[in-house]
Amino acid sequence: MSDHALFFSSADALTDFGAALGAKLRLGDVITLTGGLGAGKTTLARGLLRGLGHEGDVPSPTFAILQGYEPPETRLPVGHVDLYRIEDTGDLGELGLDEWLEDGALAIEWPDRLAGRYDAIALALQIDILADGTRRLTARVPRVWESRWPVT
């Protein structure tokens, strides 16, 4: 695995990056999104869904925990997951994450709740807000993503 850093000066730029990422998404892919509240995790996920062809609203799944998108509204099934409210990892089984990966992909916010699950295969994206408001995205790129990285 290798690490890469990218910088984004606006939410639109982060959304555009997400769209480019969505265009490269394949069945079985996991993308994890880490960062503080307001860092841009959901903004990037919205772009990802746009890159998969979704044209409608993309609400934050904070309260639903998992919001699914399937063809024809997206090119492939994708589960947008927000684990912020998960306190007991035993509750993860009820979400059916592995089932999503059989026929689709996952974008997971707050992946620390997974206790390392998917670490070996996940494109792990950490978003930090710098002092000037710029977002720094650090990507841990696993072997399954190396041929698709960098995303442009």
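What number goes with the only condition from (1) more than 24 Å from residue 38 (Cβ to Cβ); (2) out of contact with any Pro (no Cβ under 6 Å at 6 or more places or on another chain); (3) among the small types (Gly, Ala, Ser) that residue 107 does not pass?
Unmet condition: (1).
Name the pairs: first residue in the range 100-122 and farther than 17 Å from residue 44 by Cβ, second residue open to solvent by less than 40 Å² (accessible area, probe 1.4 Å) and in a strand (DSSP E or B), Cβ to Cβ under 6 Å, at least 6 apart or on different chains?
Listed by first residue and then by second, the contacts come to 100/79; 100/106; 104/78; 118/30; 121/30.
Have a look at 38, 116 and point out the one that is of a type outside the set (A, V, I, L, M), open to solvent by less than 70 Å² (accessible area, probe 1.4 Å), part of a loop (DSSP other than H, G, I, E, B) and closer than 15 Å to residue 127 by Cα.
Only one candidate passes the filter, namely 38.
Among the residues that make up the range 55-78, is at least one of them assigned to a loop (DSSP other than H, G, I, E, B), open to solvent by less than 30 Å² (accessible area, probe 1.4 Å) and polar (S, T, N, Q)?
yes
Between residues in the range 14-31 that are without any contact (Cβ under 8 Å) to a residue 12 or more places away in the chain and closer than 18 Å to residue 71 by Cβ and residues that are part of a helix (DSSP H, G or I) and open to solvent by less than 10 Å² (accessible area, probe 1.4 Å), which pairs lie under 8 Å by C-beta distance while being six or more apart or on different chains?
none
Looking at the range 12-26, can you tell me whether even one residue there is within 26 Å of residue 103 (Cβ to Cβ), over 11 Å from the mean Cα position of the chain (by Cα), in a loop (DSSP other than H, G, I, E, B) and modelled with pLDDT of 95 or more?
Yes, the conditions are met somewhere in the range 12-26.
Being farther than 24 Å from residue 16 by Cβ, open to solvent by less than 40 Å² (accessible area, probe 1.4 Å) and not charged (D, E, K, R) narrows it down to one residue among 86, 108, 127, 121; which is it?
86
Return only the number of the condition from (1) touching a Gly at 6+ places or on another chain (Cβ under 9 Å); (2) basic (Lys, Arg); (3) closer than 23 Å to residue 68 by Cα that residue 135 does not satisfy.
With respect to (1) touching a Gly at 6+ places or on another chain (Cβ under 9 Å); (2) basic (Lys, Arg); (3) closer than 23 Å to residue 68 by Cα, residue 135 is out only on (3).
If you take the residues of the range 130-152 that are open to solvent by 50 Å² or more (accessible area, probe 1.4 Å) and not in a helix (DSSP H, G or I), which of them is modelled with the lowest pLDDT?
Across the range 130-152, the extreme among qualifying residues is 152.
Take the residues in the range 23-35 that are surrounded by fewer than 20 Cβ atoms within 10 Å (Cβ to Cβ) and of a type in the set (D, E, K, R); name whichever of them is nearest to residue 144 (Cα to Cα).
Checked the range 23-35; the qualifying residue nearest to residue 144 (Cα to Cα) is 26.
On the basis of being part of a helix (DSSP H, G or I) and open to solvent by 20 Å² or more (accessible area, probe 1.4 Å), does residue 46 make the cut?
Criteria met by residue 46.
The values are calculated or read from the model by the stated rules, or taken from the named source; none is laboratory data. Everything quoted here is computed from the prediction, not taken from an experiment. Positions of Cβ are backbone-derived with ideal geometry, glycine not excepted, and every protein chain shown enters the neighbour counts. What goes into the accessible areas is simple: the full protein's heavy atoms, side chains included, and nothing from ligands, DNA or RNA. Shrake-Rupley method; radii C 1.70, N 1.55, O 1.52, S 1.80 Å.
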